[in-house]
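Visitor: First the structure, which I've put down as structure tokens, then a few questions once you've had a look.
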Amino acid sequence: MTTGSPPWRTPWRYEAFASADQETVRLHNLALVLRQVYELGPRSRATIAAATGLNKGTVSRLVAELIDHGLLRETGMRPGAVGRPAQVLALDGAGLAGVGLGIDADSVAVAARDLAGRELGGARRAFDVGANSAEATLDVLIGMTRELFDAIDAAGAVVVGIGVSVPGLVDVGRGVVTTTPNLNATWRNLPLASWLRTALGEPAYPVQIENDANLSALAEYWEEPDAGARNVVHVSGFFGIGGAAIVDGRLMRGADGFSGEFGHMVLDVDGPRCGCGRAGCWEALAGLGAVLRRLYPDGLAPDGRVRNPEESIATIVDRARRGDEETLAVLADVGRWLGIGAANLVNIFNPDVLVFSGYFAELAPWLLDVSMSQLRDRVLAPALGGTRVRFSSLGAGAAVRGGAAVAIQELVSNPGRLIADGGKLNG
Ligand SMILES: [Zn+2]
């Protein structure tokens, strides 16, 4: 705040200290008020004052700032509790765009959403990321990003932040991709955030790199909010098994952003070898690779990577529909391991909702019963501790939309950034 002699030595310095402190409180309260509407839905100033403990005058001043900067809007009168009509506040943000960029083993994608979750644009392009350098991939991605920026501009919106989805371990704080088992060595220790910032001309808004499973979980939380659910465990089956936990409405990242590696939870110490080099991991027992190794080895490349996941899954689904006995037996076994791993997660997190996505959702008709019976047998709490289990309907592309969600959430946590900047964030 201040340097040199302590702030209480002279009245002038004391004042500077006090006003810096008031500014911190104001920024905190702006976020507090905005989050009320963002997380809990349209409501009046009086309701916000009652819920936050701020006085009504303070709430009115903060709301006026949020309206001025296009974050909130008034939606009309609603009779108040004591018969007086009250203006209801809702999210505005039609002019504010969160941008998601996505890198996958076989494609790159972009997406933009406004503050209220409306789609502002997006595209996906097939690209063999594994066979190209990171630089060649990022050149394609930057080209698509510029086209998306043009669409956002045409819609009269400004970019407020970027979230980037990467299938691998990410040091979120430094914006560095650490390892990517499903891409190639050019991605190892790649300072992706600073690379993108340079390519985009050092914009004023944040560029955040995240693991794809974390972002899929956020997209699920954002686009299909289960009523009242604040604790969501998300298990995604693609090449391996990824996952993420949302605890009290926030993504649990862990100390260095590596949490949620559910796929490497060890379920059978004498089990099959996993892609990570260890034995008996959940993904070695229930991942798509494990299914293909037993049912459709042609779907696997010599290095163990899944060649064409969509085609491989379609093949398995087709055989299961035709009632092929070997296929049904393997899927029953996979469902059993799926339920055993899920029971561990329910015992640890006691989530409101447990969501299976990716290939698990596509094979749900053959996995659901057997995995539910494992869950009922192995979860300690009666009636699964109130946890609801469901399969995702979001499909591919969830992670890139989660990237846009992350950019929006960062703004909601820190709306003062937009206000300080006069609403002009396009760098
Ligand atoms: Zn493993």
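Visitor: Restricting attention to region 94-117, which residues are in a loop (DSSP other than H, G, I, E, B), touching a residue at least 40 places away in the same chain (Cβ under 8 Å) and not acidic (Asp, Glu)?
Guide: Scanning region 94-117 gives Ala94, Gly95, Ala105, Leu115, Gly117.
Visitor: So in region 279-307, with the set limited to residues that are open to solvent by 20 Å² or more (accessible area, probe 1.4 Å) and either within 11 Å of the ligand (Cβ to nearest atom) or polar (S, T, N, Q) (or both), which one is nearest to Asp106 (Cα to Cα)?
Guide: Glu283
Visitor: State the number of residues belonging to region 360-386 that are surrounded by 14 or more Cβ atoms within 10 Å (Cβ to Cβ), more than 25 Å from Glu311 (Cα to Cα) and among the charged types (D, E, K, R).
Guide: Of the residues in that region, 1 qualify.
Visitor: So how many residues does region 148-168 have that are more than 30 Å from Arg278 (Cβ to Cβ) and assigned to a strand (DSSP E or B)?
Guide: Residues meeting the conditions: 6.
Visitor: For the structure I just gave you, tell me whether Trp222 is in contact (Cβ under 8 Å) with a residue 40 or more places away in the chain and farther than 28 Å from Ala116 by Cα.
Guide: Taking the combined requirement at face value, the residue does not satisfy it.
Visitor: Here is a further query. Using the structure shown, decide if Ala86 is part of a strand (DSSP E or B) and at pLDDT 95 or above.
Guide: No.
Visitor: Of the conditions (1) in contact (Cβ under 8 Å) with a residue 24 or more places away in the chain; (2) within 18 Å of the chain's Cα centre (by Cα), Gly70 clears all except one; give me its number.
Guide: (2)
Visitor: Moving to a separate point now. Looking at region 240-266, which of the residues that are surrounded by fewer than 22 Cβ atoms within 10 Å (Cβ to Cβ) and small (Gly, Ala, Ser) is nearest to Glu210 (Cα to Cα)?
Guide: Step by step, filter region 240-266, then rank; the result is Gly257.
Visitor: How do the strands (runs of 3 or more DSSP E) wholly within region 169-262 filter down when requiring 3 or more residues that are within 16 Å of the ligand (Cβ to nearest atom): which remain?
Guide: So the answer is 232-237, 241-247.
Visitor: Which one is most open to solvent (accessible area, probe 1.4 Å) among residues in region 267-278 that are among the hydrophobic types (A, V, I, L, M, F, W, C) and within 8 Å of the ligand (Cβ to nearest atom)?
Guide: Out of the qualifying residues, it is Cys276.
Visitor: I'd like the full set of residues that are within 32 Å of the chain's Cα centre (by Cα) and either within 22 Å of Ser373 (Cβ to Cβ) or surrounded by 14 or more Cβ atoms within 10 Å (Cβ to Cβ) (or both), limited to region 308-319.
Guide: Passing the criteria: Pro309, Ser312, Ile313, Thr315, Ile316, Val317.
Visitor: While we're looking at this one, here's another question. Is there a residue in region 348-357 that is surrounded by 20 or more Cβ atoms within 10 Å (Cβ to Cβ) and over 17 Å from Gly260 (Cβ atoms)?
Guide: Checked region 348-357: no residue is surrounded by 20 or more Cβ atoms within 10 Å (Cβ to Cβ) and over 17 Å from Gly260 (Cβ atoms).
The values are calculated or read from the model by the stated rules, or taken from the named source; none is laboratory data. Being a predicted model, the structure only gives us computed values, none of them experimental. Neighbour counts are summed over all protein chains in view; Cβ atoms, including those assigned to glycine, are modelled from backbone coordinates with ideal geometry. Each accessible area value is taken on the protein alone, full model and side chains, heavy atoms only, with ligands, DNA and RNA left out. Shrake-Rupley method; radii C 1.70, N 1.55, O 1.52, S 1.80 Å.
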